[in-house]
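This report refers to the structure that appears directly beneath it.
Rule-based calculations on the coordinates, nothing more; no lab input. It should be emphasised that the depicted structure is a prediction, and the values quoted were computed from it without experimental measurement. Methodologically, a virtual Cβ is constructed for each residue, glycine included, from the backbone with ideal geometry; neighbour enumeration extends over all protein chains shown.
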């Protein structure tokens, strides 16, 4: 009987420990919601904006790339030559605008004055010749000079006077410089040339294919020498940041899930190394459970989609990988 007493005591201690352990486990389960899901695969089909022959490819399948990394290049030699021509036109139009804005040079005004003086001298000489012939005709009674000579002299005097007037107007225009309308037209022409040059530069820049986000190259779909087009992807990229885990919650548990709720994401290969996360999206529409989701309920049960955003700095989670999510109830909004 004395030997049985310690055995009863030991059994009581064990039962008490089991009771306490079961109680703590129940409390832990009451504060945790366990769900099954998969890491989302978000994919980008990356293609050139323009067309041309591929000159170089700098990424292979499985490579990890950062946002902005150069992945492929098109042959843009023809575009570069056309851009050089457009740049030359920009320079010519800019100089033309400057010439109009600066007005006439002093040398040009001096030349216009000299042309006016020469035209005025010719007009004076022609008028004097006409006056002299008319005087001779008057003194001789019309016998010393014929009417044809007087008419020719009158026509020459009139033409010389017109040339002098034209030279005077040309001098005034030279002094005033280009009209405002001409200056504005030159400005518009310069803007058009600059836009054409910028368009060529933009098309040259489109000859480089850059990674839009941090990603993993899933497929390399073109090689050097292939013809590229906007309709033909060169790479398929799997985005790695941010990572989302897609899970489905039954209606009975929907009220327990809140946006911002803390979560722990674990994998079968590393159950003791959880990755932290939080609930970022809760669907407001019910749907049938997808076949890829593993739950104990019937597949036809209606569930609500929930997305958990994870902070996977070490890259422990693989895209499409099945995971276990433990939501910490009582946290979040």
Original post:
If each residue's Cβ is checked for other Cβ atoms within 10 Å, how do 227, 261 rank with the fewest at the top?
Top reply: 227, 261
Original post:
So how much slack lies between residue 282 and residue 131, counting 0.36 nm per residue of separation and subtracting their Cα-Cα distance, in nm?
Top reply: 43.6 nm
Original post:
Using 1/(1 + (r/R0)^6) with R0 = 41 angstrom and r between the beta carbons of residue 270 and residue 208, what's the FRET efficiency to the nearest 0.05?
Top reply: 0.55
Original post:
By how many nm would the segment from residue 98 to residue 31 lengthen if fully extended, with 0.36 nm per residue of separation less the alpha-carbon distance?
Top reply: 16.4 nm
Subject >> Likely footprinting exposure, 80, 160, fewest C-beta neighbours within 10 Å first >> reply: 80, 160
Subject >> Sequence of 239, 81 once ranked by neighbouring C-beta atoms within 10 Å, starting from the fewest >> reply: 81, 239
Original post:
Between residue 113 and residue 219, what is the spin-label point distance in nm, taking each point 7 Å from the Cα along the Cα→C-beta axis?
Top reply: 8.0 nm
Subject >> Near-label residues of the range 47-80 by backbone N, under 17 Å of a point 7 Å along Cα→Cβ of residue 87 >> reply: 76-80
**OP:** Estimate the FRET efficiency between residue 199 and residue 226 by the formula 1/(1 + (r/R0)^6), using the beta-carbon distance for r and 25 Å for R0, to the nearest 0.05.
**Re:** 0.50
Original post:
Direction-averaged shadow area of the convex hull around the Cα atoms of the range 81-202, nm²?
Top reply: 10.9 nm²
Original post:
R0 = 30 Å: FRET efficiency of residue 53 with residue 188, Cβ-based, nearest 0.05?
Top reply: 0.25
**OP:** May I have the convex hull volume per residue, in Å³, for the Cα set of the range 139-194?
**Re:** 109 Å³
